[in-house]
Amino acid sequence: MTGGITLTIVKPDAFGTNKSGKIVAHLESQGFRVRAARVLHLTTAQAEEFYAVHRERPFYKSLVTFMTSGPCMPLVLEKADAVAALRKAIGATDPKEAEQGTVRALFAESKERNAIHASDSDENATRESRFFFSEAELLAAR
Ligand code: CMP
């Protein structure tokens, strides 16, 4: 078993459909504990930096436009084996391929407007948590 902390982002499409609270409630019902949270509107520079790993992908520009189109909510979540547990709970990138009962099957519109992001490794969970939260906030979350 690996670390107990991961990072998620409830995306702008979920705010557009008034589903942000439902998504957090769904995750809490699956045993995830909210340890830090905030609502913000990403700047283009922030979205570009956060998704820099996808810079060469054809969907990069559109993804940055989408992620800056409205508010989003990063959260630090705690659960045993958090990274793997959250990836399972949110489902496949494309909601058409997401397993029944997963966040994306329940709430996502499309491969891009897919309601939620989740870190894909412990290393990225740490990097992404530091992107959104101060050391003091992360210390308080432990
Ligand atoms: P996320 O888990 O936040 O990581 C990268 C994001 O890029 C992904 O969710 C989707 O929102 C988006 N994405 C991935 N693949 C595609 C694609 N083929 N077309 C459009 N958007 C995509």
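Pairing residues of the stretch 4-15 that are aromatic (Phe, Trp, Tyr) with residues that are part of a loop (DSSP other than H, G, I, E, B), at Cβ distances under 7 Å and at least 6 apart in sequence or on separate chains, gives 15/70; 15/71. The condition (being closer than 18 Å to residue 130 by Cα, under 14 Å from the mean Cα position of the chain (by Cα) and not aliphatic (A, V, I, L, M)) is satisfied by just one residue among 43, 8: 8. Taken over the stretch 13-44, the residue count meeting the criterion of being in contact with a strand residue (DSSP E or B) (Cβ under 7 Å, 6 or more places away or on another chain), in a loop (DSSP other than H, G, I, E, B) and closer than 24 Å to residue 81 by Cα is 2. Going through the stretch 11-36 one residue at a time, which ones are among the β-branched types (Val, Ile, Thr) and over 14 Å from the mean Cα position of the chain (by Cα)? Hit for the stretch 11-36 is 17, nothing else.
Looking only at the stretch 113-141, count every residue that is within 21 Å of residue 84 (Cα to Cα), open to solvent by 20 Å² or more (accessible area, probe 1.4 Å) and within 10 Å of the ligand (Cβ to nearest atom) and tell me the total.
So the answer is 2.
Within the stretch 56-86, being within 10 Å of the ligand (Cβ to nearest atom), touching a residue at least 24 places away in the same chain (Cβ under 8 Å) and open to solvent by 70 Å² or more (accessible area, probe 1.4 Å) holds for one residue alone: 59. Among the residues making up the stretch 87-112, a single one is polar (S, T, N, Q), open to solvent by less than 100 Å² (accessible area, probe 1.4 Å) and more than 8 Å from the ligand (Cβ to nearest atom): 102.
With respect to (1) of a type outside the set (Gly, Ala, Ser); (2) in contact with a Pro (Cβ under 9 Å, 6 or more places away or on another chain); (3) open to solvent by less than 30 Å² (accessible area, probe 1.4 Å), the lone exception for residue 15 is condition (3).
The values are calculated or read from the model by the stated rules, or taken from the named source; none is laboratory data. No experiment lies behind these values; they were computed from the predicted model shown. All Cβ positions, glycine included, derive from the backbone under ideal geometry; neighbour counts span all protein chains shown. Only protein heavy atoms, including side chains, enter the accessible area calculation; ligands, DNA and RNA are left aside. Shrake-Rupley method; radii C 1.70, N 1.55, O 1.52, S 1.80 Å.
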